[in-house]
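Structure first, commentary second.
The values are calculated or read from the model by the stated rules, or taken from the named source; none is laboratory data. Here the structure is a predicted model, which means the values were calculated and not measured. Here the Cβ is made from the backbone with ideal geometry for all residues, glycine too, and neighbour counts use every protein chain on show.
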Amino acid sequence: MIRFLINRLPSFVLLLVVTSVIAFALPRMVPGDPAAALAGSDATAEQIEAIRQQLDLGRPFVVQYFDWLGGLVQGDLGTSILSGRPVAELIGDRVESSLELTLVAATLMIVIGGVLGVLAGTKQKNWIAGLLDGIIGLLVATPPHVTGLVMILIMTLVLPYWPISGEASLISDPGYGFQLILLPALALSLPQAAAVARLIQSNMRTVAQMDFVELARAKGVPPRRIITHHILRNSLGNALIVIALRVGELLSGAVVIEAIFARNGLGQLAVAATQSRDYMVVQVIIVGAVAIAALVNMLSEIGLAILDPRIRLDTK
Amino acid sequence: MTDTAFSGPRASKSRGLVASMLRTYASAFRRPRGMLGLAILSVIVLAGLASPWLWPGGVDQQSRDSLLGMSLAHPFGTDQLGRDIFMRTIYAAKISLGISVVAVPIGMVLGTLMGLSGMISPRLGTICVSLFDLLLGFPGLILAILIVLMVGTGWLSLVLTISLLSIPQFGRLARGAFLSEQAREYVQAATLLNISKTKIMLRHILPNTLDPLVVQLGLVLINGVFIEAAISLVGLGIQPPTPSLGTLLNSGIRYIYQQPLYAAGPTVLLLLLALSFNLMADALNAATGRDAQGDR
């Protein structure tokens, strides 16, 4: 495993370096004077000059980049151009909201996906199997924001008093916070849960036809035990990798869900910073998001190898 | 793989085969599912195209009657500026669909060529595969943000984002088809006849990999509409007052209690479009002889 990590490290670092160069270079490649573009059309000459100072535009590009990178490594994320507050502080304010949403959504995804998948993968009466297939197919094809909108519309009709938009901390106000987080987390998790369910379902069908299951059946192992001990155990392996990949999609989908349900998470920070061209904030968020996505990807490969000893990480 | 009406491989040189391919695709729309899907889409597109004549006042015509309920004059009521929501929703569908219809074919052509590029040089092929993986693993909204930083908000950034995100959707299919076609006799025969590799790729392999790509087109097109809605909803796409499904949803959500139809209209349209494209993809699937659950 250590050799795997060492082998993977170069491409991981390369991806991060390329992303950071792009995230850093793009705003500075805007045609014309970036400082003037940032200050807006009715800024005075002094304001433009101040921004130029702040962005260090006078110095060569490469020097600026390594300065910023050096800061990142030491934990100095820079200062927002717009608000003048440290980027680390801005991100810190939003982390709890995003973390709560992602964690609740990930839990729902695993539980709902697992239950739906196992139900659909075991023999059911015809109409139940059809219904499950239909539900899974529908949910897979519908992205989180559309699911969320449909849920909001249904809720305003069925339970008009259920709070829809806004947020409350799950730690300091668990009751209200939970009411508020349920819909967005559900909307975020359902499409991913359906994808997980579909994978478990097709895995279970494949495994159920293998010889060792036949043997167990011939030995007289009770059907329920065949499902739990023989089929299920051999079906969940690569569901894991899909779940991990889906966590990355949860992060991406969360941005839109935050907008719909008026939650102040990191996604909203990224969008607001992009709209106001607050590059110091945007570039940190981009590098962070890509790093998380790449890390999750790598962890899932390791997890897969631990579950299935036939997969050798070292030989890659 | 493609044991359909044609038992042998296709060669695009013969006119008859091109025509029969088109006939296969057209036959999909004689199936009930294909017909229903096409009908839903046609109604939406025709209404969008006819909107200048249906509502001569234009989409941005404001009035004092803000946030009215349902009425004959305003089937979905009016918005915060007294504009007719029904008209704006129809118009928005046209814009959102238009963006996807421009962007996805770009991704289809690029993705297909990249997927088949292993024919020209195996090295190039593997490079393209890792590009597909990179694009698939890259968080979609971060990509959108990067593009907005480059070209600003608006239709151009949406087209770029959607076409980039569609590349791997077609590329991986084309790559899979290429790998299975590559080993077949007709490709070897063509190679022995000293036909150039580019020509083999475009003239011989491409026609034989087209079926799954055409089916995929419908699914990626609706995905493009969904992406437009997501990015504009967040505020990084089409900017108000231009109506698109995303911008309407953005304001609709804010008036959800006063005017539930404001958000309901675009949501229902999104669902109808999704239904229509999925029905058509299903019908094409059946017409080209693939089962609906297949390669996904």
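Data table
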item: Meets criteria (in contact with a Ser or Thr (Cβ under 7 Å, 6 or more places away or on another chain) and modelled with pLDDT of 90 or more) for residue B:68; result: no
item: Among residues of segment A:271-282, those that are over 25 Å from residue A:184 (Cα atoms), within 9 Å of chain B (Cβ to nearest Cβ) and part of a helix (DSSP H, G or I), counted; result: 1
item: Odd one out for residue B:141, checked against (1) without any contact (Cβ under 8 Å) to a residue 60 or more places away in the chain; (2) within 14 Å of another protein chain (Cβ to nearest Cβ); result: (1)
item: Among (1) modelled with pLDDT of 85 or more; (2) more than 14 Å from chain B (Cβ to nearest Cβ), the one test that residue A:36 misses; result: (1)
item: Residue within segment A:144-161 that is surrounded by 20 or more Cβ atoms within 10 Å (Cβ to Cβ) and away from chain B (no Cβ under 14 Å) present; result: no
item: Those residues of segment B:209-220 which are within 30 Å of residue B:88 (Cβ to Cβ) and either within 13 Å of chain A (Cβ to nearest Cβ) or modelled with pLDDT under 85 (or both), in sequence order; result: B:218, B:219, B:220
item: Test: residue in segment B:123-131 that is within 14 Å of chain A (Cβ to nearest Cβ) and within 18 Å of the chain's Cα centre (by Cα); result: no
item: Number of the condition not met by residue B:284 [criteria: (1) in contact (Cβ under 8 Å) with a residue 40 or more places away in the chain; (2) more than 16 Å from the chain's Cα centre (by Cα); (3) over 19 Å from residue B:84 (Cβ atoms)]; result: (2)
item: Residue B:250 vs. criteria within 9 Å of another protein chain (Cβ to nearest Cβ) and either in a helix (DSSP H, G or I) or over 28 Å from residue A:134 (Cβ atoms) (or both); result: yes
item: Looking only at segment A:89-106, and only at residues there that are among the aliphatic types (A, V, I, L, M) and surrounded by 15 or more Cβ atoms within 10 Å (Cβ to Cβ), the one that is farthest from the chain's Cα centre (by Cα); result: A:90
item: Residue in segment B:195-208 that is over 24 Å from residue B:114 (Cβ atoms) and either touching a residue at least 12 places away in the same chain (Cβ under 8 Å) or away from chain A (no Cβ under 14 Å) (or both) present; result: no
item: Check on residue B:236, outside any helix (DSSP H, G or I), facing chain A (nearest Cβ under 8 Å) and crowded, with 23+ Cβ neighbours inside 10 Å; result: yes
item: Any hit, segment B:160-171, residues being away from every other protein chain (no Cβ under 14 Å) and of a type outside the set (Gly, Ala, Ser); result: yes
